[in-house]
Amino acid sequence: MTPWPSLTASSAAWWPPSRSWLPRSTAPAAREYCAGKLDAACLQREKTARRAAETEVFNGMVAALSPRFEAAGAEPPNYKAVFETVLEETVRRLILDKGQRVDGRGPDDLREITCEVGLLPRTHGSALFKRGETQALVTTTLGAAGDAQDHDVITGGEATKKFILHYNFPNFSTGETGRIAGPGRREIGHGALAERSVAHAVPKEPKDFPYTIRVVSDILGSNGSSSMASVCGASLALMDAGVPVTDAVVGISVGLVTGDNGRKVFLTDILGSEDHFGDMDFKVAGTSKGITGFQLDLKIAGISVDDMYQAMLKNRAARAKIRATMAACIAAPRTEMSPYAPKIVTMKINPERIGALIGPGGKIIKGICELTGATIDVEDDGTVNIFAANGDAMAMARREVESVTAEVEIGRIYQGTVKTIKEFGAFVEILPGQEGMVHISELADHRVRNVEEICKVGDTISVKVIDIDDRGRVRLSRRAALAEM
């Protein structure tokens, strides 16, 4: 919970300490003063108004108890810790005895949910998911296969991630100020939960979707289960980007408050205060077919299987309602991607030609990328993915790749460059790195006494492939090419 707001100098910002040592004489007096007053304050529906009302009660309690407990020279009691205890007791009592939650909802009620996609025109995909005061702005960015994240595997070796989800939780999302630093345990943990929940619906094979996908969830406002809002927002942003997800992933949290005599109340879509004062935070995410991720936080010794089953039923019912709202916003992935997303063409080449495409030290493929501005990824099976920002760059890159990796075809006519002259004929390069020989008898339709009568080194001539022997040697004919032209 965030530090308690204060309107007096004696109640500065604080973090509630352990309550095990609270002065016994102070707590009853605090309960007596807060009786009735704190109930009304806790039931304010809006978070800001609720915190202001609670602060007013706190300041009044301090003013009322100070003359009684602050004897001359004595150290004043920790009013903040005492008030925190009474506040927790009040919130739990209202839930258990009256079925009243702090924002006025019933135990199974969801807060108002709104969804919007395509609100950021320059991104590849974007969505805003709002559930009550919790808001997640989620963006999707598509990149080349080479943009995948490399990482070490704990069991040894290396691996790559083609789907990455980052979760940002800035101070202003809870109305606070503070230093903006690197990700903490909260950001890492919530991001990991959202990532593994959504990853099950994202295409895994390059043949299904060759892009690397990065999703970023920026929490604009937080009052409970922002990680599950990130799951919902990520599904919307992925569909807005045209990623062929198998299904929308939806997440929500269910809480629990327990009392004496076995009393218990399950709470759907818990608030931050219900998470703080409650006994359980059970987050579950899943598609329409099953669960893809969950996380259970308990503050009690344990939970029975029956109670766990009841919590999962309530979670499933809530996810169905959220799914309907999301489907009304966008029901399926877009058939066309953003014009700003990189274009991609997938080609198949002979795996034996991979070396020719890459070149010594990567010279050939790097040259093509520098010439065209495209990004080229090559798989071991001969799959070539070309990523480019526009159609012209894509067409140029594809022509260059084809010229380097094309296979010589019998019966096809090529424009080749004479590389070497011999007495018996000429060697002509018809494709990059691929040469064939034109025998002197195939240079013209008449008798040729000297090869240089017809061509010289560096000349471009038309030749036809007439044969490829079992050793891969190519036989060419200028005479046959001229006859067909």
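The values are calculated or read from the model by the stated rules, or taken from the named source; none is laboratory data. None of the values given here were measured: they were computed from a predicted structure. Cβ sites come from the backbone with ideal geometry, for glycine too, and all protein chains shown count toward neighbours.
Summary of values
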quantity: Residue ID - nearest to the chain's Cα centre (by Cα), chosen from residues in the range 186-220 that are among the basic types (Lys, Arg) and part of a helix (DSSP H, G or I); calculated: Arg196
quantity: Top-ranked residue in the range 321-357 [being closer than 30 Å to Gly433 by Cα and charged (D, E, K, R); ranked as surrounded by the most Cβ atoms within 10 Å (Cβ to Cβ)]; calculated: Arg353
quantity: Residue in the range 29-39 that is charged (D, E, K, R), over 19 Å from Thr174 (Cα atoms) and under 43 Å from the mean Cα position of the chain (by Cα) present; calculated: yes
quantity: Every pair of residues 6+ apart whose Cβ atoms lie under 8 Å, when the first sits in the range 26-52 and is more than 14 Å from Glu88 (Cα to Cα) and among the charged types (D, E, K, R) while the second is loosely packed, with under 12 Cβ neighbours inside 10 Å and modelled with pLDDT under 90; calculated: Arg45/Gly104
quantity: Pairs where the first residue, in the range 289-308, is buried (at least 17 other Cβ atoms within 10 Å of the Cβ) and the second is β-branched (Val, Ile, Thr) and assigned to a loop (DSSP other than H, G, I, E, B), C-beta under 8 Å, 6+ apart; calculated: Thr292/Val249
quantity: Restricting the range 115-146 to residues that are of a type in the set (S, T, N, Q) and farther than 11 Å from Ala229 by Cα, the residue that is surrounded by the most Cβ atoms within 10 Å (Cβ to Cβ); calculated: Thr140
quantity: Filter result for Thr90 (polar (S, T, N, Q) and either surrounded by 16 or more Cβ atoms within 10 Å (Cβ to Cβ) or closer than 30 Å to Pro333 by Cβ (or both)); calculated: yes
quantity: Matching residues, the range 327-358, being free of Cβ contacts under 8 Å to residues at least 12 places away in the same chain and farther than 30 Å from Leu120 by Cβ; calculated: Glu352, Gly355
quantity: Any hit, the range 122-132, residues being in a strand (DSSP E or B), touching a Phe, Trp or Tyr at 6+ places or on another chain (Cβ under 6 Å) and either at pLDDT 95 or above or not assigned by TED's automatic domain parsing to the domain that holds Asp218 (or both); calculated: no
quantity: Val102 being part of a loop (DSSP other than H, G, I, E, B), modelled with pLDDT under 95 and among the aliphatic types (A, V, I, L, M); calculated: yes
quantity: Failed condition for Ala148, given (1) without any contact (Cβ under 8 Å) to a residue 40 or more places away in the chain; (2) in contact with a Lys or Arg (Cβ under 6 Å, 6 or more places away or on another chain); calculated: (1)
quantity: Count of the range 402-436 residues which are closer than 23 Å to Arg447 by Cα, buried (at least 20 other Cβ atoms within 10 Å of the Cβ), of a type in the set (A, V, I, L, M) and in contact (Cβ under 8 Å) with a residue 40 or more places away in the chain; calculated: 2
quantity: Total residues in the range 265-317, condition assigned to a strand (DSSP E or B) and either under 24 Å from the mean Cα position of the chain (by Cα) or aromatic (Phe, Trp, Tyr) (or both); calculated: 14
quantity: Matching entry among Asp377, Asp381, Asp445 (being touching a Gly at 6+ places or on another chain (Cβ under 7 Å) and of a type in the set (Asp, Glu)); calculated: Asp377
quantity: Conditions (1) in contact (Cβ under 8 Å) with a residue 40 or more places away in the chain; (2) assigned to a loop (DSSP other than H, G, I, E, B); (3) touching a Gly at 6+ places or on another chain (Cβ under 8 Å); (4) over 25 Å from Val198 (Cα atoms); number of the one not met by Leu96; calculated: (2)
quantity: Among residues of the range 449-485, those that are part of a loop (DSSP other than H, G, I, E, B) and charged (D, E, K, R), counted; calculated: 7
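Conditions tested, residue by residue: (1) out of contact with any Pro (no Cβ under 9 Å at 6 or more places or on another chain); (2) within 23 Å of Lys162 (Cβ to Cβ); (3) surrounded by fewer than 15 Cβ atoms within 10 Å (Cβ to Cβ); (4) modelled with pLDDT under 95.
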position: Val215; (1), (2), (3), (4): yes, yes, no, no
position: Ile219; (1), (2), (3), (4): no, no, no, no
position: Ser222; (1), (2), (3), (4): yes, no, no, yes
position: Ser235; (1), (2), (3), (4): yes, yes, no, no
position: Asn261; (1), (2), (3), (4): yes, no, yes, yes
position: Ser273; (1), (2), (3), (4): yes, no, no, yes
position: Gly278; (1), (2), (3), (4): yes, no, no, yes
position: Phe282; (1), (2), (3), (4): yes, no, no, no
position: Arg319; (1), (2), (3), (4): yes, no, no, no
